[in-house]
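The values are calculated or read from the model by the stated rules, or taken from the named source; none is laboratory data. Small disclaimer: the values here were computed from a predicted structure and weren't measured. Here Cβ is always computed from backbone atoms with ideal geometry, including for glycine, and neighbour counts include all displayed protein chains.
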Amino acid sequence: MNTLKRYFIATRPWSFPVSIAPVALTVCYLWNDPLVVHLDLGLWAIVGIILFHAASNLFSDYYDYKKGVDTDPSIGSPTITGGLLTARQTIIYAWVLLVIATINGFIMTYFTGWPLLVIGGIGALLIILYPWLKYHALGDLDIFLTFGILPTLGTAFVMTEQIVWSSLWITLSFATITVAVLHANNTRDCGRDGNAKIHTFAMLIGPKACQWVYYIEVWLPVVWVLFCVCIGKMPWPVLIASALASIVAFRNTKVMHQWGKGGSIDILDQMTAQHQIVNIVMMTIGFIGIMML
C-alpha cells in the first residue's frame, strides 16, 4: 500500500459524513435566508471541519493505543495496531492536520469576524480533550458539541457574520445520529475498555440501556423534523426526506436488537455512519425541492 493511501485511510474517511452533516445541512437551512452574505464560505467550511475531524480521529487512535484500548485491528481502529502508521507518525499527523485546520479557521475569521475564532477555538479544545473526556464518560457530550452545536453555529456565522441561534433548529435532525456512531463503537468495546481501565458512557449505563439509547439516537431526528415542520421551522419536503432516510435506521436498529440476543455489532458504527450519509443526501434533496417550488 502506498504512503498517501495509508495516510488517507488512517483518517477513517468513512466517518466524515458525521462532520459534513452539520455544515451541509446548515447551508441548506439558511440558503435563502436574507442574512446570508457568504454562501461560498459556508460551503468552504466543509473542508475545515473535515480537517478537524480527521485530526480528532488520529488523536483518538493515538491515545486509545497508548491507553491499551485498541489492541485488535480487526475490531478497533487499525491505524496503529494494523500497521498503517506508527504511534509517532499518528500523533504528528494529528497535530499537522489540526494546525492546517486552525490556519484555515484564521483565514475564514479574517473574512468574517472574531466570534468564529471563539467557536473554532472551543471546537479545537474539545478535539484535543476528546480522549480524556471519552475515558471519563463524557465523549458522547463532546461529540454532540463538536459535531453538532459548534459547527452549526460556526457555519451560520461564516455565512451571515452573525450568531444565528435559530440555525440550531437544524441540529437535532442529524446530531444524535453522529453521537450514535460513537455510542455503537463504545457499546461494542465495553469489555476491552473495561480491561483498559477507562469509563465510557456506554459502560456507565449498561447493556440494556445502551440499546435504548441507540434506538433514541437514530430515531430522534425524524421525530424532531416532524416537530419542526409542525411549528413552521422546516419545510414539509424535509420531513419526507428524513422519513425516507430513517429506513436505514430499521436495519441498524435490528442489528442492535440482535446484539442483545448474542449477535454482533462489530461494524454497527460504520453502518450508522452510512445512515448519516443517507440522511444528509435525502434532507439536502428535501431542501433543494422546496427551493425549486
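Here is how the numbers come out for the structure above:
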quantity	calculated
Residues (under 17 Å from ASP40 (Cβ atoms) and either under 16 Å from the mean Cα position of the chain (by Cα) or assigned to a helix (DSSP H, G or I) (or both)) located in the stretch 101-135	ASN104, GLY105, ILE107, MET108, THR109, TYR110, PHE111, LEU116
Helices (runs of 4 or more DSSP H) lying entirely in the stretch 205-290 (those with 2 or more residues that are touching a His at 6+ places or on another chain (Cβ under 8 Å))	207-230, 247-259
First in the stretch 160-182 and more than 17 Å from VAL248 (Cα to Cα), second anywhere and outside any loop (DSSP other than H, G, I, E, B) and of a type in the set (Gly, Ala, Ser), Cβ under 7 Å, 6 or more apart	VAL164/ALA156; SER167/ALA156; THR171/GLY148; LEU182/GLY139
Residues of the stretch 58-99 that turn out to be over 22 Å from ASN195 (Cβ atoms) and modelled with pLDDT of 90 or more, as a count	12
Residue count, the stretch 136-168 (criterion: part of a helix (DSSP H, G or I) and over 12 Å from THR112 (Cβ atoms))	19
Total residues in the stretch 1-19, condition aromatic (Phe, Trp, Tyr), in contact (Cβ under 8 Å) with a residue 24 or more places away in the chain and in a helix (DSSP H, G or I)	2
Restricting the stretch 13-23 to residues that are aliphatic (A, V, I, L, M) and buried (at least 23 other Cβ atoms within 10 Å of the Cβ), the residue that is modelled with the lowest pLDDT	VAL18
Sole residue being more than 30 Å from ASP33 (Cβ to Cβ), surrounded by fewer than 16 Cβ atoms within 10 Å (Cβ to Cβ), at pLDDT below 90 and not polar (S, T, N, Q), chosen from GLY194, GLY289, GLY206	GLY194
Pair list, Cβ under 6 Å, 6 or more apart: the stretch 116-139 residue over 23 Å from THR90 (Cα atoms) and in contact (Cβ under 8 Å) with a residue 12 or more places away in the chain, other residue in a helix (DSSP H, G or I) and among the acidic types (Asp, Glu)	none
Positions within the stretch 232-263 being in contact with a helix residue (DSSP H, G or I) (Cβ under 8 Å, 6 or more places away or on another chain) and polar (S, T, N, Q), in sequence order	SER242, SER246, ASN252, THR253
Matching residues, the stretch 181-240, being hydroxyl-bearing (Ser, Thr, Tyr) and within 17 Å of VAL18 (Cβ to Cβ)	THR187, TYR214
Residue in the stretch 182-196 that is outside any helix (DSSP H, G or I), under 30 Å from LEU41 (Cβ atoms) and more than 22 Å from the chain's Cα centre (by Cα) present	no
Residue within the stretch 20-39 that is free of Cβ contacts under 8 Å to residues at least 24 places away in the same chain and not in a helix (DSSP H, G or I) present	yes
Any hit, the stretch 35-46, residues being more than 23 Å from THR272 (Cβ to Cβ), surrounded by fewer than 23 Cβ atoms within 10 Å (Cβ to Cβ) and small (Gly, Ala, Ser)	no
Any chance SER56 is closer than 22 Å to PHE147 by Cα, crowded, with 23+ Cβ neighbours inside 10 Å, touching a Pro at 6+ places or on another chain (Cβ under 9 Å) and touching a residue at least 60 places away in the same chain (Cβ under 8 Å)	no
Filter pass, GLN258 being surrounded by fewer than 19 Cβ atoms within 10 Å (Cβ to Cβ) and of a type in the set (S, T, N, Q)	yes
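Residue by residue, here is whether (1) at pLDDT 95 or above; (2) crowded, with 21+ Cβ neighbours inside 10 Å; (3) under 25 Å from GLY289 (Cβ atoms); (4) in contact with a Pro (Cβ under 7 Å, 6 or more places away or on another chain) holds:
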{"site": "ALA137", "(1), (2), (3), (4)": "no, no, no, no"}
{"site": "LEU141", "(1), (2), (3), (4)": "yes, no, no, no"}
{"site": "THR146", "(1), (2), (3), (4)": "no, yes, no, no"}
{"site": "THR178", "(1), (2), (3), (4)": "no, yes, yes, no"}
{"site": "VAL181", "(1), (2), (3), (4)": "no, yes, no, no"}
{"site": "ASP189", "(1), (2), (3), (4)": "no, yes, no, no"}
{"site": "VAL218", "(1), (2), (3), (4)": "yes, yes, yes, no"}
